[in-house]
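What follows is one structure encoded as structure tokens, with my remarks underneath.
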Amino acid sequence: MARFTSDDDAGAEGRALGEALSALRRERGLSQAEAGQRIGMTSQGWGLYEAGKRPGLFRPDVQRRLTGALDATPEDLALVLGAAASPSPSPDPGAKALSAGVQARGRAYDPAPASERRRLRLSTDELAPWAAAGTVLEYAPGRWPRRDQGCVVEMADGSLRVRLYVRSDEAELIVRGAGALLTLERIARGQARSVSAVVARLDE
């Protein structure tokens with residue numbers, strides 16, 4: 001987590017993180033009032049976070065709460081923050097410390113680049129009743145799943161596995177749905193190329 005070294009540094013870091021939160025909200029098509037309403041906050045209160053005037057934005061629990069209101073994660077906030085910094089021809093030496101202000105929740109996988117949503121159709125009932133055979137799932141490469149959210153795991157050999165995300169650490173990814181919905185599966189980090197959140201189920 002970023003540490004403040006001076007009032008000026010704190011202000012700059014807070015504004016950058018607030019701008020990233022604002023960009024993430026606009027990307028989701030929500031107003032400040034709509035985003036705040038989801039977590040019992042006024043539009044003014046939300047606006048203070050986006051303006052970088054509330055240092056609580058650096059706290060992991062606050063990041064989870066705010067990004068959760070946007071159907072996103074702290075990792076999504078980190079991606080937006082990183083994208084905003086990347087166009088600069090001369091990297092800001094403080095950028096690394098600033099990115100550290102976004103909580104990563106111990107994720108051990110590099111995020112895939114953000115891209116258009118993709119679809120796939122389930123061929124088995126392994127995930128029933130969450131999703132039965134024939135269900136079309138829409139997933140977003142680059143978006144990390146939340147606990148119990150559907151996810152698409154791209155394996156090192158190029159195959160895809162649809163599972164429900166449980167947790168991950170530096171050594172492995174733990175998911176459910178291998179043969180049956182409640183069956184846990186442990187996938188070694190080196191075997192998983194990427195993990196993408198399922199964002200829609202289309203029963204066709």
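Miscellaneous remarks
- Subset of region 16-74 (residues that are more than 21 Å from Arg143 (Cα to Cα) and polar (S, T, N, Q)): Ser31, Gln32, Gln37, Thr42, Ser43, Gln44
- Entry remark, region 14-40: residues being part of a loop (DSSP other than H, G, I, E, B), touching a residue at least 12 places away in the same chain (Cβ under 8 Å) and not basic (Lys, Arg) number 3 in total.
- Of residues in region 66-78 being out of contact with any Ser or Thr (no Cβ under 9 Å at 6 or more places or on another chain) and surrounded by 22 or more Cβ atoms within 10 Å (Cβ to Cβ), the one farthest from Arg54 (Cα to Cα): Ala72
- Residue match in region 173-191 (condition: within 19 Å of the chain's Cα centre (by Cα), closer than 21 Å to Glu75 by Cα and of a type in the set (Val, Ile, Thr)): yes
Every read-out reported here was derived from the displayed coordinates using simple, explicitly stated rules and does not represent laboratory data. All values derive from a computational prediction rather than experimental measurement. A quick note on method: Cβ atoms are made from the backbone with ideal geometry, for glycine too, and the neighbour counts reach across all protein chains shown.
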